[in-house]
1. Evaluate the distance, in nm, between pseudo-label points positioned 7 Å from the Cα of residue 40 and of residue 108 along their respective Cα→Cβ axes.
2. Listing 5, 82 from the residue with the fewest other Cβ atoms within 10 Å to the one with the most, what is the order?
Amino acid sequence: MTAIVGLTLDGTEWTPQFVKALDAKKCIGCGRCYRVCARDVFELVERESLDLDDEDEDLDDDDPFGDDDDDDDGFSDDTSMVMSLKNNGDCIGCEACSKICPKGCFSHTTKEAA
């Protein structure tokens, strides 16, 4: 079998890379992936609800994008909240979440054509 392939406007082939997993231990709950995803793939949840052990993790809040301020939009770098996959079956494979994530929390995979 071959992977699903799409076409860009000019006819160039493009292979979507769908969200496979999100490493919640790395996540700082900034919400960038949520904001960039138009498909309702993510949701913000309490870190406790995922039984993550914070003691062993270095939750370094370095902000490579330089926009580490609270935007009053419900997201901040509050490490008590993390992003979670809500509906990864609705992912279109654009990888925008991975490109915007300052912590590299995402892994992606191709999908075999039916």
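Taken together, the values in this text are just the output of simple stated rules run on the coordinates, not laboratory data. These numbers were taken from a predicted model, which means no experiment stands behind them. All Cβ positions, even for glycine, are placed from backbone atoms using ideal geometry, and neighbour counts span all protein chains on display.
1. Result: 2.3 nm between the two label points.
2. Going from sparsest to densest Cβ surroundings: 5, 82.
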